[in-house]
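J.: Just passing along the structure, written as structure tokens.
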Amino acid sequence: MVTILKKRYISLKILKLEALLRRLPLMHKRRVEIEEDLSKSLAGYRGELALNYDFKFLKQDFYYVLEDLRLQNQNGDFFQIDCLLLSPTYFLILEAKNMSGSIMFNQHTRHMIHNNKNGLERSYSDPLLQVQRQRIQLENWLKHHKCPFVPVETQVVLSNSDTRYDATTNHNFVYKNVTSRLNLPNRTTEFEAVHTEELLSHKAIKQISKILMKRNTPYNPNLMEWYSLKMDDLILGVFCPNTNCPSVSDPMVKVNSGWRCRNCLTFSRDAHIIALHDYVLLFGEDITNSLFRKFVLIESVFTASRLLKQLVIPATGAKKNRKYKLSLPKAADIL
Ligand SMILES: [Zn+2]
């Protein structure tokens with residue numbers, strides 16, 4: 001058994017991109033770019049998830065797994081690790097790449113050239129440089145946090161096992177550092193043969209994992225800033241919860257005890273709560289009465305105040321300055 005100490009969840013970035021696309025008009029000039037960013041993020045996520053399939057073929061009761069770590073180095077910059085395997089004799093950083101078609105590693109220019117199945121070519125920075133940098137940063141991080149010395153190895157893992165890959169030069173270096181997902185157990189066997197000295201007890205591994213998890217800072221980007229968007233760029237209002245509604249993003253009308261869809265006549269008492277899920281992902285956890293009214297399209301200060309009070313969430317300040325605290329979705333909610 002491999003022990004997974006920290007699981008991967010759908011990232012906040014993906015949830016935020018989805019919220020943004022729900023709210024962005026179909027003809028908005030940034031829509032195509034944002035759709036592409038979402039599909040890239042989803043492909044990356046699926047690739048990382050795929051790594052788990054092969055963990056069961058690793059040496060039994062030897063490895064502990066921390067998925068999706070984001071740590072701060074001494075310069076204040078963050079570095080991200082798709083998957084970290086910890087063992088008594090060495091640590092292994094896995095960087096997942098999820099690409100179909102073929103990949104060429106150009107070791108002169110340090111680029112990875114990807115040819116997809118439709119013959120489209122695209123160049124990326126060399127993931128071998130990326131993992132090298134992750135290794136240095138992790139080693140420094142462990143030293144800084146007074147963890148005992150453990151050698152750190154790296155592998156770029158192609159999570160789609162049909163992907164062909166090759167190198168322009170330095171073939172051996174590339175073959176040694178890149179592997180397909182199916183071959184990962186063989187690679188770890190090779191590392192186990194090199195690193196034979198037991199440097200950590202299982203208890204010590206768990207202690208180090210605890211520190212790593214405590215210092216893990218999930219990526220929480222502000223997409224409105226990133227894409228230079230304002231609230232007025234978005235479709236505001238409360239959307240119809242009926243998934244078969246002919247016009248889901250046509251704002252519902254506030255009626256006495258709830259919301260009514262103009263199209264399918266669905267009634268909902270709390271559809272504004274779903275709208276607030278989008279709000280918190282796009283504008284952060286603070287909301288005021290006037291921002292709430294603007295976002296869900298209601299005019300009455302009193303109605304807004306009543307709805308906000310019903311949420312039973314923390315609030316500070318009085319009257320016009322009253323700020324309510326929404327919460328971002330928790331990892332457990334989004335599995
Ligand atoms: Zn409807």
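J.: Give D232, D270 a once-over and let me know the one that is of a type in the set (D, E, K, R), without any contact (Cβ under 8 Å) to a residue 40 or more places away in the chain and within 16 Å of the ligand (Cβ to nearest atom). Spell out the reasoning first.
T.: Working: D232 fails: within 16 Å of the ligand (Cβ to nearest atom).
Every option except D270 fails the conditions.
J.: Give me the residue from region 158-172 that is farther than 13 Å from R110 by Cα and in contact (Cβ under 8 Å) with a residue 60 or more places away in the chain and, out of that set, nearest to the chain's Cα centre (by Cα).
T.: For region 158-172, the residue satisfying everything is S159.
J.: Residues in region 9-21: is at least one basic (K, R) and surrounded by fewer than 18 Cβ atoms within 10 Å (Cβ to Cβ)?
T.: no
J.: Evaluate the following for L212: is it more than 16 Å from the ligand (Cβ to nearest atom) and surrounded by fewer than 17 Cβ atoms within 10 Å (Cβ to Cβ)?
T.: Answer is no for this residue.
J.: Report yes if K29 is outside any helix (DSSP H, G or I), outside the structural domain of H277 (by TED's automatic domain parsing) and surrounded by fewer than 18 Cβ atoms within 10 Å (Cβ to Cβ), otherwise no.
T.: Against the criterion (outside any helix (DSSP H, G or I), outside the structural domain of H277 (by TED's automatic domain parsing) and surrounded by fewer than 18 Cβ atoms within 10 Å (Cβ to Cβ)), K29 qualifies.
J.: Could you please let me know if P151 is more than 26 Å from the chain's Cα centre (by Cα) and under 23 Å from F191 (Cα atoms)?
T.: It is true that P151 is more than 26 Å from the chain's Cα centre (by Cα) and under 23 Å from F191 (Cα atoms).
J.: Hey, A271 hits all of (1) under 30 Å from K29 (Cα atoms); (2) surrounded by fewer than 16 Cβ atoms within 10 Å (Cβ to Cβ) but one; which does it fall short on?
T.: (2)
J.: Then there's this: Has region 235-255 got at least one residue that is surrounded by 14 or more Cβ atoms within 10 Å (Cβ to Cβ), closer than 18 Å to L21 by Cα, away from the ligand (no atom under 15 Å from the Cβ) and under 27 Å from the mean Cα position of the chain (by Cα)?
T.: yes
J.: Here is a follow-up. Every residue in region 236-267 that is among the β-branched types (V, I, T) and without any contact (Cβ under 8 Å) to a residue 12 or more places away in the chain, please.
T.: T243, V248, V253
J.: In the set T288, T303, which member is away from the ligand (no atom under 14 Å from the Cβ), β-branched (V, I, T), under 20 Å from K325 (Cβ atoms) and without any contact (Cβ under 8 Å) to a residue 60 or more places away in the chain?
T.: T288
J.: Is one or more of the residues making up region 33-44 in contact (Cβ under 8 Å) with a residue 60 or more places away in the chain, more than 21 Å from the chain's Cα centre (by Cα) and surrounded by 13 or more Cβ atoms within 10 Å (Cβ to Cβ)?
T.: no
J.: Quick check on my filter: what residues within region 125-148 are within 22 Å of the chain's Cα centre (by Cα) and among the basic types (K, R)?
T.: R133, R135
J.: Got a sec? Which strands (runs of 3 or more DSSP E) wholly within region 144-248 have at least 2 residues that are β-branched (V, I, T) and either in contact with a strand residue (DSSP E or B) (Cβ under 9 Å, 6 or more places away or on another chain) or under 30 Å from F295 (Cα atoms) (or both)? Steps first, answer last, please.
T.: Values: elements: 152-158, 164-167, 178-180.
So the answer is 152-158, 178-180.
The values are calculated or read from the model by the stated rules, or taken from the named source; none is laboratory data. Note that the structure is predicted; figures quoted are calculated from it, not measured. Heads up, the Cβs are rebuilt from the backbone with ideal geometry, glycines too, and the neighbour counts pull from every protein chain shown.
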